[in-house]
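The values are calculated or read from the model by the stated rules, or taken from the named source; none is laboratory data. The shown structure was predicted, so the numbers you read here are calculated from the model rather than taken from an experiment. Cβ placement follows ideal geometry from the backbone for every residue including glycine, while neighbour counts extend to all protein chains displayed. All accessible areas refer to the heavy atoms of the entire protein, side chains included, with ligands and DNA or RNA removed. Shrake-Rupley method; radii C 1.70, N 1.55, O 1.52, S 1.80 Å.
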Amino acid sequence: MTQNDTTIDRRSLLKKVAVAGATTGLAAGSAGATAADRPGRSADPAEAEQLLESYGGDLLALLSEEGVLDAGDAAELATDRPASPYAPLRGEAGTAFVDSGVSPARLVTVTEVAGGTLTASVEPETGESYALLDDGESVTVFNPEVGTLDADDTATTQSCSQYACPPEADGSCYASSAVTYEGDRVATQASCCSYYQCTDP
């Protein structure tokens, strides 16, 4: 993540709840691959919208308040575009489920918005929701429990998978990155491992 000028919405800090143990086993620079993010399954539009409305209502409201979405409605996201389970890992527009050995399974929706690429996630198992907005220069985290965070506010730890990144990534693997704020996980982000070559694409 890189720096940006987004400020923290400290009004939400009183609502903050700890997600115990969410970053257990994640270590930046790990020498070997772990059971990190892996493809799940495609999600049909009705299922995706229902999960976003059930578990992501506060997130959608925050995104609307911050001007990322117009009305804060699930229909503004790419829920009408079922994607390959690999698509969210590649940052491709669409909606699919992503499983993980190091963080809760989640529904991921990737949507191009005016401000960049918005990746919104809900975790039915934990009830957590969060989004990452990548404008090409910086990444902003939106989490209803803590508000809006930039790179200065968060720490990121990475865990590699055995799923290959696109060919232009020189054989590196997808990674599951836990984004934390004051020790608590506030988002999970897919990226490419820069230090680990994928041996089983």
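Okay, here's what the table says:
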| quantity | calculated |
| --- | --- |
| Criterion (more than 14 Å from Leu52 (Cβ to Cβ), open to solvent by 10 Å² or more (accessible area, probe 1.4 Å) and polar (S, T, N, Q)) met by exactly one of Thr126, Thr148 | Thr126 |
| Filtered residues of the range 136-145 (kept if open to solvent by 20 Å² or more (accessible area, probe 1.4 Å) and of a type outside the set (Gly, Ala, Ser)) | Glu137, Glu145 |
| First in the range 162-189 and over 17 Å from Asp134 (Cβ atoms) and at pLDDT 90 or above, second anywhere and acidic (Asp, Glu) and assigned to a strand (DSSP E or B), Cβ under 9 Å, 6 or more apart | Arg185/Glu128 |
| Number of positions in the range 190-201 that are assigned to a loop (DSSP other than H, G, I, E, B) and modelled with pLDDT of 70 or more | 0 |
| Test: residue in the range 50-68 that is of a type in the set (S, T, N, Q) and open to solvent by 60 Å² or more (accessible area, probe 1.4 Å) | yes |
| Tally, over the range 65-74, of residues that are within 18 Å of the chain's Cα centre (by Cα) and modelled with pLDDT of 95 or more | 3 |
